[in-house]
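Following: one structure in structure tokens, then a few remarks.
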Amino acid sequence: MTSFRARNQLTSWWARRWLESLSLLAPRRSGSNDWYSTWRAPNPREDGFTLARTGSVFDATLVGTMARARVVERRYHNAPEANCSITLTAFDDTTWAQLVAALGARSQVEAALLSGELPLQVESLVATARVSLFPRQASELTTSCDGRYCEKPLCQHVAALHYVLGDMLERDPFVLFELRGRPRARLLAELRAHRRGGVAAPSGAGVPLSSLLDVGYDTG
């Protein structure tokens with residue numbers, strides 16, 4: 001069992017942009033004064049950050065464009081597990097063909113990605129296809145959670161996973177491309193094929209996040 005522990009502060013512009021998208025999922029408050037509204041956690045983003053920072057997110061995995069994990073609130077004895085997921089809308093093949101053409105024309109982009117960097121110019125290159133790597137509206141993010149008393153689309157468990165993904169992105173920006181439908185190996189193959197004027201062969205599916213990048217974790 002692998003526990004992911006997010007850092008207190010992210011420094012890369014792309015990881016911070018990812019965290020900003022969490023505001024798209026902020027639930028609307030009804031203003032009710034009933035006992036449940038008074039009792040429930042008033043800020044799922046804040047609680048989610050605490051869960052992510054204290055190693056309460058387990059077995060985070062990418063499956064296609066979906067990230068999923070189990071969250072256990074360690075501050076409570078015998079707290080039930082919550083299974084949650086975040087799915088980002090994938091780009092279609094036509095859009096990806098445009099993106100590969102734009103990105104493939106800049107060999108320094110691939111070199112930067114391989115060194116763990118996401119050049120700022122990628123934003124303008126992606127914009128030529130009239131899309132953004134980062135979600136710009138709530139409809140691009142689909143969330144689920146089976147935890148008790150969890151609100152949709154955002155609860156503390158989903159927020160914790162979102163923060164953990166931010167930490168993953170800080171270390172490996174390829175995670176963002178995978179969430180949009182292109183795993184690292186396939187994207188690199190398509191970029192190189194584009195420069196050769198050929199077509200890349202399709203490659204495999206998602207894998208555990210712990211195998212994609214070197215993250216700090218505890219095992220139990």
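Return the total of residues in the range 106-123 being over 18 Å from ARG184 (Cβ atoms) and in a loop (DSSP other than H, G, I, E, B).
So the count comes out to 1.
Select from the range 103-151 the residues that are within 22 Å of ASP93 (Cα to Cα) and hydroxyl-bearing (Ser, Thr, Tyr) and list them in ascending order.
The answer is SER107, SER124, THR128, SER132, SER139, THR142.
Given the range 55-95, what strands (runs of 3 or more DSSP E) lie entirely inside it while holding 2 or more residues that are at positive phi, touching a residue at least 24 places away in the same chain (Cβ under 8 Å) and within 20 Å of the chain's Cα centre (by Cα)?
none
Please verify whether the range 203-214 includes one or more residues that are modelled with pLDDT of 95 or more and within 19 Å of ARG17 (Cβ to Cβ).
no
Within the range 37-46, does at least one residue satisfy the condition of being under 21 Å from LEU176 (Cβ atoms) and crowded, with 17+ Cβ neighbours inside 10 Å?
yes
If ALA102 satisfies all but one of (1) within 30 Å of GLU151 (Cβ to Cβ); (2) surrounded by 15 or more Cβ atoms within 10 Å (Cβ to Cβ), what's the number of the condition it fails?
Failing condition for ALA102: (1).
Condition test on VAL126, is it buried (at least 18 other Cβ atoms within 10 Å of the Cβ) and assigned to a helix (DSSP H, G or I)?
Criteria met by VAL126.
Any chance the range 135-150 includes a residue that's surrounded by fewer than 16 Cβ atoms within 10 Å (Cβ to Cβ), closer than 17 Å to SER21 by Cα and among the hydrophobic types (A, V, I, L, M, F, W, C)?
The answer is yes, given that some residue of the range 135-150 is surrounded by fewer than 16 Cβ atoms within 10 Å (Cβ to Cβ), closer than 17 Å to SER21 by Cα and among the hydrophobic types (A, V, I, L, M, F, W, C).
Just to be sure, is VAL71 within 24 Å of PRO135 (Cα to Cα), at pLDDT 90 or above and touching a strand residue (DSSP E or B) at 6+ places or on another chain (Cβ under 8 Å)? Spell out how you get there, then give the answer.
On the way: within 24 Å of PRO135 (Cα to Cα): yes; at pLDDT 90 or above: yes; touching a strand residue (DSSP E or B) at 6+ places or on another chain (Cβ under 8 Å): yes.
It is true that VAL71 is within 24 Å of PRO135 (Cα to Cα), at pLDDT 90 or above and touching a strand residue (DSSP E or B) at 6+ places or on another chain (Cβ under 8 Å).
Take HIS194 and decide whether it is part of a helix (DSSP H, G or I), modelled with pLDDT under 90 and surrounded by 16 or more Cβ atoms within 10 Å (Cβ to Cβ).
The answer is yes for HIS194.
The values are calculated or read from the model by the stated rules, or taken from the named source; none is laboratory data. Note that the structure is predicted; figures quoted are calculated from it, not measured. Methodologically, a virtual Cβ is constructed for each residue, glycine included, from the backbone with ideal geometry; neighbour enumeration extends over all protein chains shown.
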